[in-house]
Structures are given as structure tokens and as C-alpha cells.
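Take a look at the structure below.
Every number here is computed from the coordinates shown, using simple stated rules; none is lab data. Remember, predicted model here, so these are calculated numbers, not experimental data. Here the Cβ is made from the backbone with ideal geometry for all residues, glycine too, and neighbour counts use every protein chain on show.
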Amino acid sequence: MEQKKIDRINELYKKSKAEGLTPEEAKEQKILRKEYMELIRVNLRSQLNNIDMEQKDGSIVNLGEKYGEKYMNKKGN
């Protein structure tokens, strides 16, 4: 996400606490936050896909393979 958009999220947050937002600004804030959260989720998923855990029995389990499919089924993809 561009720094400009992150700065705008922060501006809108501060304005909402200080004086309130117009309906247009509230809509813009909601859209920007949704975009930001989706990027965080994508980054977290990619990190989890690269983590291997050793089980007590010595086997290696990739978290992406174990939980990624559950996530994709839940999302309907």
C-alpha cells in the first residue's frame, strides 16, 4: 500500500476523533481500511505458507498446506 494511502487513513482517524467525518469521508475511510486489512491478511498468509513445524513425532508439517486449504474452502475459492 502506498504511504500516501496510509497517511490518509491516519488523517481520517484523527479527524474522526476530533470533529467527526462527513459521510463521504466515512465511506473513504471504510474502503481504505478494508484495502489495508486485506493486504495484511495476504502478507500473513504468505508468511504462514513458508513456516514448517516439527511435530512431537518428528514429522514436519507445513502450515500453509495444513491451514491454507481450510482457509480457501472457507472463502469459497
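Secondary-structure-derived ellipticity at 222 nm for the chain, considering helices only, amounts to -24500 deg cm²/dmol, per-run term -39500 (n - 2.57) for DSSP H runs with n ≥ 4.
Exposed loop sites were defined as GluC sites (Glu not before Pro) in DSSP loop states (anything but H, G, I, E or B) carrying at most 12 other C-beta atoms within 10 Å; in the chain the longest segment without such a site runs 20-77. Residues D57, D7 in ascending order of nearby Cβ atoms (within 10 Å, fewest first): D57, D7.
The angle between the Cα long axis of helix 23-48 and the main principal axis of the chain comes to about 20°, on a 0 to 90 degree scale. Net length available on complete extension from L39 to E25 is 2.9 nm, with 0.36 nm assigned per residue and the Cα-Cα distance removed. Using only Cα atoms, tell me the angle between helix 3-18 and the longest principal axis of the chain; keep it within 0 to 90° and round to the nearest 10. Tilt relative to the chain: about 60 degrees.
In terms of its C-alpha gyration tensor, the chain has a prolate overall shape, because the principal axis ratio a/c (a ≥ b ≥ c, square roots of the eigenvalues) is not below 1.5 and a/b outweighs b/c. In loop segments of region 4-57 as defined by DSSP, the trypsin sites (Lys or Arg not before Pro) with at most 12 further C-beta atoms inside 10 Å of their C-beta are K56.
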